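Before any comments, here is the structure.
The values are calculated or read from the model by the stated rules, or taken from the named source; none is laboratory data. Predicted model only: the values in this text are computed from it and were never measured. Glycine also receives a Cβ, built like all others from the backbone with ideal geometry; neighbour counts cover every protein chain displayed.
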Amino acid sequence: MSRIKAATFCVNEKVVYPGHGVAQINRIVEKQVAGNRACFFELKFLNKDMTILVPTHNLTLVGIRRLSSTEHITDIFKTLALPSQRLSYDAVTNWNKRNKDYQSKLRTGDLQEICKIYRDLKNMSVYKELSFGEKALLVQTEMLLAQEISLVKNMLEQEAVEHLRSLFNKHVGRSASAVATSL
């Protein structure tokens, strides 16, 4: 049974582990656990010195997924080019509530949700100084986005970071000029 599920991913395939980024499946490992034979994927993260074992039957629960398609990455770029939803004063000031929401979205591994977190934090940084936690989350989301984008679009990770930032900066420039003309 676990061999059938293990066949949904291949050895050497790159997959996304929610909240941690892209990993490569090095091999499938069989181990005895509590007297039962179990199969695991050995995942080696690309940008971290970290290797983990994930039970093959827990892939859905853990949220492991394939890399996004080129079309999905294009949609991500479109999302970044859109204006951020205006955050209320309470949303901006209540970091604990926002952080809880952001962390639950990160755990899903949904690239679109990660993109929205990144866009909101970048937008917020224009209007106020980000806290230490907000800055750390901004760096994390930028890394997660850039890592996957660089692999799908076959570019260097730093180029993906620059592209993300330029998309956001174009949006900020348009917003600033719209505000200036309305004054």
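Candidates in region 3-29 are the residues that are more than 21 Å from the chain's Cα centre (by Cα) and surrounded by 17 or more Cβ atoms within 10 Å (Cβ to Cβ); of these, the one that is modelled with the lowest pLDDT is Ala6. Of all residue pairs spaced 6 or more apart or on separate chains, those with beta-carbon atoms under 7 Å, a first member in region 77-102 that is assigned by TED's automatic domain parsing to the domain that holds Lys135 and a second member that is modelled with pLDDT of 80 or more and not in a helix (DSSP H, G or I) are Val92/Lys128; Trp95/Ser131. Within region 29-48, the set of residues being charged (D, E, K, R) and within 26 Å of Asp110 (Cβ to Cβ) comprises Glu42, Lys44, Lys48.
Counting only residues that are at pLDDT 90 or above and under 15 Å from the mean Cα position of the chain (by Cα), region 49-66 holds 3 of them. The listed residues are Thr108, Thr141, and the only one of them that is within 30 Å of Phe41 (Cα to Cα), at pLDDT 95 or above and not hydrophobic (A, V, I, L, M, F, W, C) turns out to be Thr141.
Scanning region 116-135 for residues that are loosely packed, with under 15 Cβ neighbours inside 10 Å and within 16 Å of Val161 (Cα to Cα) turns up just one, Lys135.
Residues in region 30-46 that are of a type in the set (Gly, Ala, Ser) and surrounded by 11 or more Cβ atoms within 10 Å (Cβ to Cβ): Ala38 only. Considering region 133-168, the residues that are hydroxyl-bearing (Ser, Thr, Tyr) and free of Cβ contacts under 8 Å to residues at least 12 places away in the same chain include one that is farthest from Lys97 (Cα to Cα), namely Ser150. Scanning region 122-137 for residues being more than 14 Å from the chain's Cα centre (by Cα) and not in a loop (DSSP other than H, G, I, E, B) gives a total of 10. For region 67-75, the criterion of being more than 19 Å from the chain's Cα centre (by Cα) and either at pLDDT 95 or above or among the aliphatic types (A, V, I, L, M) (or both) is met by none of the residues.
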